[in-house]
Structures are given as C-alpha cells and as structure tokens.
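Have a look at the structure below, then the notes.
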Amino acid sequence: MKILIINAHLNYPGWSEGKLNLTFTDAAKAFFTERGQPVAETFIERGYQPEEEVQKHAAADLSLIHILAVARSTARSQIMERSI
C-alpha cells in the first residue's frame, strides 16, 4: 500500500509552531515505513508543485492530512467573545 502524508500546518510564531503536526507526521511515517509501506510526504509550508501533488495523490492508496484543528475552535471562540 502506498501512503501519502501531508503536513498542512502553517507556522504562526508565538502561537502555533507546528510541533504537534510534525509529531503526528513523524509517527505516521515511522509506522508505515516500519511495515514496509512506501511513504511520500508533502509539507505545505515548505512549498509544493501542484502537478507533483496530483501524481502523489493518484499513486497513493491512503492519504493522511495533518491540519491545525485548533484554528477552527479558536476562531469560533474569538467570534463568540466579540458577540458577547
């Protein structure tokens, strides 16, 4: 099985450095490579080529995308604070 891991975190200095996403990405890569599965990676913040990403997606049997989930709840909290 071919695996594609995308770390979609963007660095926000002083707020979110991306350590959790990187930990998840590293753990997933180790998990699959230890089991002999080929792993392709993309780090959004490091840049990417759209054509290459399309090829990676087409070749992958499984895609894992690590994103900053806290952004949504944080934004919601800020909106709630402003409306009170």
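Below, the figures for the structure above:
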| item | result |
| --- | --- |
| Yes/no for Q37 being part of a loop (DSSP other than H, G, I, E, B), more than 15 Å from the chain's Cα centre (by Cα) and among the polar types (S, T, N, Q) | yes |
| Exclusive hit being surrounded by 12 or more Cβ atoms within 10 Å (Cβ to Cβ) and modelled with pLDDT under 85, set A71, A28, A40, A75 | A71 |
| Residue within region 20-29 that is in contact with a strand residue (DSSP E or B) (Cβ under 9 Å, 6 or more places away or on another chain), in contact (Cβ under 8 Å) with a residue 24 or more places away in the chain, part of a loop (DSSP other than H, G, I, E, B) and not charged (D, E, K, R) present | no |
| Contacts under 8 angstrom Cβ, first residue in region 44-68 being at pLDDT 95 or above and part of a loop (DSSP other than H, G, I, E, B), partner surrounded by 11 or more Cβ atoms within 10 Å (Cβ to Cβ) and of a type in the set (D, E, K, R), 6 or more apart | A60/K2; D61/K2 |
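The values are calculated or read from the model by the stated rules, or taken from the named source; none is laboratory data. Quick caveat: nothing in here was measured; it's all calculated off a predicted structure. As a convention, Cβ positions derive from the backbone with ideal geometry for all residues, glycine included, and neighbour counts pool all protein chains shown.
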